[in-house]
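Where a number appears in this text, it was derived from the coordinates with a stated rule and is not lab data. As the structure is a computational prediction, the values presented were derived from the model and not from experiment. In this analysis, Cβ positions are derived from the backbone assuming ideal geometry, glycine residues included, and neighbour counts consider all displayed protein chains.
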Amino acid sequence: MPNFELVDSSFTGRLARPLLQEVVSEACDTTPIPESRRILRHGDRNPTRNTTMPKYKLDYIWLDGYTPVPNLRTKCCVKEYESFPALDDLPLWGFDGSSTEQASGDDSDCMLKPVAVYPDSINEHQALVMCEVVLPNGDPHPSNMRATILDDDGAWFGFEQEYFLTQDGLPIGFPKGGYPGPQGEYYCGVGFKNVGALGRKITEEHLWQCLYAGITHEGINAEVAKGQWEFQIFGKGSKKAADDVWVARFLLLRLCEQYGVDVDFHCKPLKGDWNGSGMHSNFSTTHMRETGGKEYFEALMGAFETHREEHIAVYGPDNDMRLTGLHETQSIDKFSYGIADRGASIRVPHAFVQNDYKGYLEDRRPNSQGDPYAIASRILQTIATVPT
Ligand code: ADP
Ligand code: MN
Ligand code: MN
Ligand code: MN
């Protein structure tokens with residue numbers, strides 16, 4: 001009779017932590033574990049023999065060198081740790097940069113430097129390891145945008161990621177060779193005819209995976225176009241917020257594999273009277289939240305106007321297709337701001353004005369394919385030009 005029943009690959013991908021935590025905490029206890037409760041995962045410490053260090057599956061994640069939009073890449077390794085590893089416990093690793101547009105074949109080594117680690121809901125003994133790409137001498141690789149951002153722990157960002165779920169190249173719910181009914185009832189819609197069968201299942205499972213990972217996923221809504229959805233990610237510190245968006249994108253892409261669904265992050269996948277996808281970027285600094293004031297706000301908007309082109313340059317490709325002045329956007333070559341104005345470049349929430357121009361602002365121009373590292377970096381650079 002084996003002492004332990006290994007949980008095998010029939011595991012469905014649902015959250016497993018409570019069960020496992022219970023077992024692990026029992027295993028640390030000196031009281032004997034009842035036979036019926038002895039369920040361990042592969043690699044768990046065997047409390048009767050006490051020989052094996054628990055094995056952890058580490059999924060290293062990085063951004064490749066494709067332009068204008070990098071792809072997420074991942075590969076895993078297995079290592080032994082006493083307990084869930086901290087960032088400092090995770091080794092540098094390498095990959096073949098000639099296969100990711102990051103190196104030439106005759107000098108192909110690129111290095112992965114772990115910068116953030118997340119628990120993975122798939123398994124208690126699995127971690128997501130966000131990495132920066134560095135050169136063998138330790139310098140940032142030219143494709144490494146994260147290394148270029150001025151971090152500011154007082155900067156808070158909330159990114160509203162919009163995207164389409166697609167199957168066989170069409171947004172889910174689009175009939176082959178035709179169109180569904182026009183936009184109107186899909187936004188925050190309920191019912192199969194509005195949101196189909198898969199959208200809510202995927203987006204909610206994604207939400208729980210993000211929360212489990214410690215990512216501040218703040219909400220979901222079905223969007224204006226059929227097959228289009230949004231989630232919001234909030235983070236304190238620009239690197240933290242941007243890492244969390246990339247890991248949330250990773251989790252969504254990985255989850256969708258199981259459903260035979262793709263994620264289309266392009267900002268205007270459908271021509272005609274269909275909304276595009278944005279990534280509204282809400283931001284605040286300590287000064288904006290605590291001091292603010294009308295004068296500072298107007299100076300800030302002046303700086304955003306001055307640097308309009310530099311902002312647009314990092315707000316995602318093909319944004320001219322989306323920032324047309326229609327569909328709740330300002331046109332790409334204008335800068336404007338307005339209270340509660342969803343047709344402005346920057347929307348000023350009512351609460352901001354009521355609170356003596358303190359709080360956060362919403363830059364509505366970044367698009368769904370934008371790199372949150374580059375977006376946060378540019379916003380902070382412009383803010384830094386305005387005296388406080
Ligand atoms: P809407 O769709 O009306 O534009 P959402 O609720 O989708 O608004 O998004 C608002 C975003 O603002 C959220 O991502 C939230 O995290 C963010 N946010 C709220 N307060 C702050 C703040 N002080 N600083 C930065 N972002 C904030
Ligand atoms: Mn929103
Ligand atoms: Mn939206
Ligand atoms: Mn918004």
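At a glance:
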read-out	value
Partners for Lys271 among lysines (Cα-Cα distance below 18 Å; same-chain residues under 8 apart left out)	Lys176, Lys226
Value of relative contact order over the chain, rounded to a whole percent, pairs C-alpha under 8 Å and six or more apart	14 percent
Sparse-neighbourhood loop sites, GluC sites (Glu not before Pro) in the range 59-146 - DSSP loop, at most 16 other Cβ within 10 angstrom	Glu82, Glu101
Residue-by-residue Karplus 3J(HN,Hα) for the range 61-72, coefficients 6.51, -1.76, 1.60, Hz, glycine and proline x	10, 8, 9, 7, x, 5, 10, x, 10, x, 9, 7
Loop-resident sites, the range 213-254, for chymotrypsin sites (Phe, Trp or Tyr not before Pro), counting at most 14 other Cβ within 10 Å (DSSP)	none
Cα-based helix-to-principal-axis angle, 199-213 vs the chain, degrees rounded to 10	70 degrees
Given charges at Cβ of Lys, Arg, Asp, Glu: the chain dipole, positive-most of Ala340, Gly302, Tyr259	Tyr259
Fewest-first sequence of Thr285, Thr385 by Cβ atoms within 10 Å of each Cβ	Thr385, Thr285
DSSP-defined beta bridges in the range 42-167 - what % are antiparallel, rounded to 5	80 percent
Lys, Arg +1 and Asp, Glu -1 on Cβ, resulting dipole of the range 140-239 about Cα centre, debye, nearest 20	320 debye
Under 10 Å, Cβ to Cβ, from Val78 - net charge with Lys/Arg +1 and Asp/Glu -1	+2
Least to most buried among Val69, Val134, Val245 (fewest other Cβ within 10 Å first)	Val69, Val134, Val245
Convex hull (Cα only) mean projected area of the chain, reported in nm² to one decimal	23.7 nm²
Nearest-ten-degree value, helix 238-257 long axis tilted from longest Cα axis of the chain	70 degrees
Antiparallel %, DSSP beta bridges [both residues in the chain], to 5	85 percent
Simple Cβ-charge dipole of the chain, Lys/Arg +1 and Asp/Glu -1, about Cα centre, in debye nearest 20	780 debye
Cα-centred dipole magnitude for the range 41-146, charges only on beta-carbon of K, R (+1) and D, E (-1), debye, nearest 20	500 debye
Inter-part distance where the range 224-246 and the range 126-183 are each reduced to a Cα centre, Å	8 Å
Top positive-direction residue, dipole computed over the chain with Cβ charges, set Trp208, Tyr187, Gly219	Tyr187
Reachable lysines, given that their alpha-carbon falls under 22 Å from the alpha-carbon of Lys236 and they are not under 8 places away in the same chain	Lys113, Lys358
For Asp371, distant residues with modelled amide H under 5 Å away	Gly316
Share antiparallel - DSSP beta bridges, the range 267-388, percent rounded to 5	70 percent
DSSP-assigned coil residues among chymotrypsin sites (Phe, Trp or Tyr not before Pro) in the range 52-96, each with at most 13 further Cβ atoms within 10 Å	Tyr66
